[in-house]
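The values are calculated or read from the model by the stated rules, or taken from the named source; none is laboratory data. All figures in this text were calculated on a predicted structure; none of them were measured in a lab. Don't worry about glycine lacking a Cβ; one is built from the backbone with ideal geometry, like all the others, and counts go over all protein chains shown.
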């Protein structure tokens, strides 16, 4: 995971561009381009798993009739075909044999469409070769708090729950605090004092971000760290409350592990959730 997190400076060096070259002023356009279901927009690159297949989808459009498309990596075609309408959705597979380069390699990709006038429109972006690691899943974790003990802690390293009396001794592995004061909140252990609770030495800083677009079926099939990339950018807030965690939300730990939590049940003082986090 650390290998590709350090690619941010490399990623900033190449952008996503649209251009057309034509015998006249009109050219086909490539829109809605996605790599493995994730949109590739201006200024971004696509992360692809080393030695694994990848899927590119896009829409080719033109004011006249399209004739063909061609997809190239390093200017070598890996997929091409005929088009016959004025707007067509295309899906192409990149074989694993095309993605064997060293981790951190940026591959230039050209997705082009041609129309009957022989006008050409292309979309150019970079694919970054990465090696995603496995994730740990902690299912149906119950955190219960009350007036006498209004907070509870959880470690995404050990999968264990801790009370305040145990927090200081386990500060190095505790990533998540849960508190309830009429509102249920997941809180960064480093920030529990901001909510009127007793701080402890060595508390770690975790950031949370709402992800209301993720449904349970998407969460259920997350199988490795590549599945977390779309939703965990490293930013976020020190807390997330029960109005935002009706569904799934992401988090980033103090040691930059990315994770996702899906809340299964929430009642006054009790929350049940499943967590998926990078190992």
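Values as computed for the structure displayed
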item: When residues of segment 196-221 are limited to those that are more than 16 Å from residue 264 (Cα to Cα) and touching a strand residue (DSSP E or B) at 6+ places or on another chain (Cβ under 6 Å), the one modelled with the lowest pLDDT; result: 197
item: Tally, over segment 89-106, of residues that are within 10 Å of residue 49 (Cα to Cα) and loosely packed, with under 15 Cβ neighbours inside 10 Å; result: 3
item: Every residue from segment 133-148 that is in contact with a helix residue (DSSP H, G or I) (Cβ under 7 Å, 6 or more places away or on another chain) and surrounded by 21 or more Cβ atoms within 10 Å (Cβ to Cβ); result: 135
item: Selected residue (only one of 151, 123 is over 26 Å from the mean Cα position of the chain (by Cα), buried (at least 19 other Cβ atoms within 10 Å of the Cβ) and touching a residue at least 40 places away in the same chain (Cβ under 8 Å)); result: 151
item: Residue 91 vs. criteria at pLDDT 90 or above and under 18 Å from residue 118 (Cβ atoms); result: no
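Residue-wise test of (1) modelled with pLDDT under 95; (2) surrounded by fewer than 17 Cβ atoms within 10 Å (Cβ to Cβ).
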| position | (1), (2) |
| --- | --- |
| 39 | yes, yes |
| 43 | yes, yes |
| 46 | yes, no |
| 51 | yes, yes |
| 56 | no, no |
| 63 | yes, yes |
| 69 | no, no |
| 74 | yes, yes |
